[in-house]
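Read the figures in this text as sums done on the coordinates, not as results from a lab. The shown structure was predicted, so the numbers you read here are calculated from the model rather than taken from an experiment. Heads up, the Cβs are rebuilt from the backbone with ideal geometry, glycines too, and the neighbour counts pull from every protein chain shown.
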Number of protein chains: 4
Amino acid sequence: MAVRSEASHKAILDATMELLDPDSGEGISVQKLSIERIARVAGVSKTTIYRWWPSKVAVVIDSFVASHIARTPVRQDLPGLEALREHMGALVETYATHEGRLVSQLVAECQHDESAMNEFKERFWHNRRDAAVSIIRRAQEEGDIWSELDPVGVADLIYAPIYFRLLFQTGPLEKAWSDRVLDLALTGLTPREDA
Amino acid sequence: MAVRSEASHKAILDATMELLDPDSGEGISVQKLSIERIARVAGVSKTTIYRWWPSKVAVVIDSFVASHIARTPVRQDLPGLEALREHMGALVETYATHEGRLVSQLVAECQHDESAMNEFKERFWHNRRDAAVSIIRRAQEEGDIWSELDPVGVADLIYAPIYFRLLFQTGPLEKAWSDRVLDLALTGLTPREDA
Amino acid sequence: MAVRSEASHKAILDATMELLDPDSGEGISVQKLSIERIARVAGVSKTTIYRWWPSKVAVVIDSFVASHIARTPVRQDLPGLEALREHMGALVETYATHEGRLVSQLVAECQHDESAMNEFKERFWHNRRDAAVSIIRRAQEEGDIWSELDPVGVADLIYAPIYFRLLFQTGPLEKAWSDRVLDLALTGLTPREDA
Amino acid sequence: MAVRSEASHKAILDATMELLDPDSGEGISVQKLSIERIARVAGVSKTTIYRWWPSKVAVVIDSFVASHIARTPVRQDLPGLEALREHMGALVETYATHEGRLVSQLVAECQHDESAMNEFKERFWHNRRDAAVSIIRRAQEEGDIWSELDPVGVADLIYAPIYFRLLFQTGPLEKAWSDRVLDLALTGLTPREDA
DNA sequence: CGATAAACGAGACGGTACGTCTGGTCTTGTG
DNA sequence: CACAAGACCAGACGTACCGTCTCGTTTATCG
């Protein structure tokens, strides 16, 4: 009996992306986005949105996560360390665009909504972390990163600066910079004998 | 002529802290905080708040920054590296409390409000960064951190994981963890000969 | 779909009358009346009022016009001239009460709001004027008022003094006075031979 | 002991007229006029206005009454009836302009402010009424209006339609119309034998 | 094939807050 | 001591959304 309307579903996701996309005229922030407005643009009633999503954040995640993940793949054809460098660079360059604003606004929205945070971590963050960990593990197997280290701890150390810069806007997100971060993390901070 | 009422000023800051303080019964988030509510609790008219602060975020910053900064001082009596370790530990432990939630919510609020972000960086972040840089510089002079490195870059590397964990809630904020982060950053990720 | 709530509708009109009624404790003027206050007293949200009425004046008109009109009916059982005299007297006595203040305040409110004025004329004034014109026309048919005269012009002449006195408060609104006005209008100002 | 500043006094009256004058760019209504705004334009503090005038209406009356009265003088060189006709015509034509709006807005403002009403009647209305009565008395002496009639009652009958039309906006204010009103009042409404 | 139950659009509803405006009072210098 | 300057509390403005709640009206299965 009565089954979910695919047309409405799609209209909602499309309207959400359109509202958030600065190239579509609108380009509002996730904070300014409202269920009311999505419904209006999608030509759908509020009830329908509330029926299928618990919150605005959930709609946004549904709307863009899939496409986002696809955009920063892990390269399997390179040595682990090279793949790591490439992946960080791709991430940084992606985050330099509108998509970076979107991620930061999503994180922002989650700060006062625990279930949104869970949704976000499950749908977005775990995916990102797994990608990072898999590369790091490869680099460890290839002997470029010390194998005793916990890959998750390593991921924290080298990816955190990227998200930090995204959220605190302390400097431009560029590949040259992410390269420097990686180099610094690899060699460490202690003085070297050869210097 | 016509001079600012200190009583109102204080009432506003006090009301703000009270509303945000989970131990005072209220404990609402920065997002749920509203100028209207602050005015009501402070027994002050909205006009008075709008006259002196450009935004909710500015009020919050005024309300807690001073006390917050004082709570994580840089110890001058220890060697640089020890002071750094202590500072990171103190920061992490502070952020494990209600105050951490407050900082993360502040950062969240700034994601869709450029001028709030500027306010935040100027009043909060620069202060934090300067504290970090000064310790790092000391550790460099004492030979515990390679002197060629840019202290700001170093600060990024070792403080970013703290704020990352604060905002993404990927794990508990504990001194033991911040110690590990520091150790990892110091020795670097590359395999060591002595292992 | 989605139908107007009769309960809210009634609550709004009742609250409005109550606020304006000096016998209900409140007794504020139309000028001091505010949408906000009506909403509060009616236990209704402001949105609901704004949804159905364009302005405060419109609410007031809706609240009292019907009952007001009913209170000064045109008597069909009397000769035209007698009915006219009765009608003027009833009007004057009505306007001597709280209801007169209400009408004058309504007219006042319309002086700086064209659409309110239109609303007022359409809902209130035309009705009053039609009542007057119908009696005058009857008196003309019965030969008590010269049939060549434009009934609207006649209405202007004999009703204007009533509204004038209501608004300028130049004297008490009493039947004896309205009788004198009518007599004066009937005989005219020029000296009569028989005097 | 410091005496009233003539400069401020004049600045306030001038600013008021300027704000109300549609030819001076502003042209706002008496209702939209505010003490605050007068003070701003006059370069005077609010306190100063509140010190010398009890209300906005009082300022407006002070600002324009003198000049207004002068504009519709009673002609002494004509027979009473002619002077009456001229006076009514001049009044009507004056009220057809911006000044009419001003008078109607003043009356409006007085509807919910008793002391303003008293001020208005004393400063404005009595003056107008006296002018009317003096002409009517002259016409009575000259035998054109029945001498037994109370001149104030007569004034009510023939001037009321003018103010009525001004406030209810039931038709254009033109000399042709005021002539018709006067004629009607003179001959009366009852059928004439010569018709 | 017709009953039925869910999904749907429409949108009313009580709320909360927005940021601005004005009112009228009060306070603090300045000339 | 009149005045300017302007801070202050109070409260209304009209708008935007919130999340809940009827309403009929499709529409797709299931008996």
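To test your reading of the geometry: what angle, between 0 and 90 degrees and rounded to tens, separates the Cα axis of helix C:98-110 from the longest principal axis of chain C? Between the helix axis and the principal axis of chain C, the angle is about 80 degrees.
Comparing D:Thr47, B:Trp52, C:Leu102 along the charge dipole axis of the protein assembly as shown, the residue lying farthest to the positive side is C:Leu102, per the Cβ-charge model. Tell me, what is the Rg over Rh of the protein assembly as shown, with Rh the Kirkwood radius over Cα pairs? So for the protein assembly as shown, dividing Rg by the Kirkwood Rh gives 1.20.
Quick one: putting +1 on the C-beta of Lys and Arg, -1 on the C-beta of Asp and Glu, what dipole do you get for the range A:19-91 around its Cα centre, in Debye to the nearest 20? Can you show the working numbers first?
Numbers: 9 positive and 8 negative charges, 84 e Å.
Taking the Cα centre of the range A:19-91 as origin, the dipole is about 400 debye.
Averaging Cα coordinates gives a centre for the range B:148-195 and one for the range B:74-133; these two points are 15 Å apart.
Sorted on the mean count of surrounding Cβ atoms within 10 Å across their residues, most packed first, peptides B:128-139, D:99-110 read D:99-110, B:128-139. Ellipticity at 222 nm from helices only: DSSP H runs of n ≥ 4 in chain A, each -39500 (n - 2.57), divided by the residue count, give -21000 deg cm²/dmol.
If you take the alpha carbon atoms of the range B:3-55 and fit the smallest convex hull around them, that volume is 66 Å³ per residue. Evaluated with a Cβ-only charge set (Lys, Arg +1; Asp, Glu -1), the range A:89-195 carries a dipole of roughly 260 debye about its Cα centre, given to the nearest 20.
With a cut-off of 15 Å between beta carbons, the residues surrounding A:Ser104 carry a summed charge of 0, where Lys and Arg count +1 and Asp and Glu -1.
Too long at a 23 Å Cα-Cα cut-off: which of C:Lys32/D:Lys56; D:Lys10/D:Lys32; C:Lys56/C:Lys175?
Details: C:Lys32/D:Lys56 16 Å; D:Lys10/D:Lys32 21 Å; C:Lys56/C:Lys175 32 Å.
Pairs exceeding the cut-off: C:Lys56/C:Lys175.
Ordered from longest to shortest, the equivalent ellipsoid semi-axes for chain C are 37, 17, 14 Å, each the square root of 5 times a Cα gyration tensor eigenvalue. Look at the alpha carbon pairs under 8 Å that are at least 6 residues apart: their mean separation over the length of chain D gives a relative contact order of 21 percent. With R₀ fixed at 51 Å, the C-beta to C-beta distance from A:Val133 to C:Ala96 puts the FRET efficiency at about 0.05.
By the Cα gyration tensor, the range C:66-128 has an equivalent ellipsoid whose semi-axes, rounded to whole angstrom, run 25, 13, 9 from largest to smallest.
Taking the Cα atoms only, what angle lies between the long axis of helix B:175-187 and the longest principal axis of chain B, rounded to 10 degrees? The angle comes out at about 50 degrees. Counting only the backbone N, which residues of the range A:79-116 are under 11 Å from the spot 7 Å out from the Cα of A:Glu141 toward its beta-carbon? Zone members listed by number: A:80.
Think of the range B:1-80 as having a plus end and a minus end, set by charges on the Cβ of Lys, Arg, Asp and Glu; of B:Ile12, B:Pro22, B:Ala2, B:Ala2 sits farthest toward the positive end of this dipole.
Please identify, among D:Thr72, D:Thr97, D:Thr170, the residue showing maximal mean-square fluctuation in a Gaussian network model of chain D using a 10 angstrom Cα cutoff. Greatest mean-square fluctuation among the candidates belongs to D:Thr170. Relative to its Kirkwood radius, the Cα radius of gyration of the range D:91-171 gives an Rg/Rh of 1.02.
If you average 1/r across every pair of different Cα atoms in the range D:23-110 and take the reciprocal, what Kirkwood value do you get, in Å? Across the range D:23-110, the inverse of the average 1/r is 14.9 Å. For chain D, the longest principal axis of the alpha carbon atoms and the long axis of helix D:80-95 meet at an angle near 40°.
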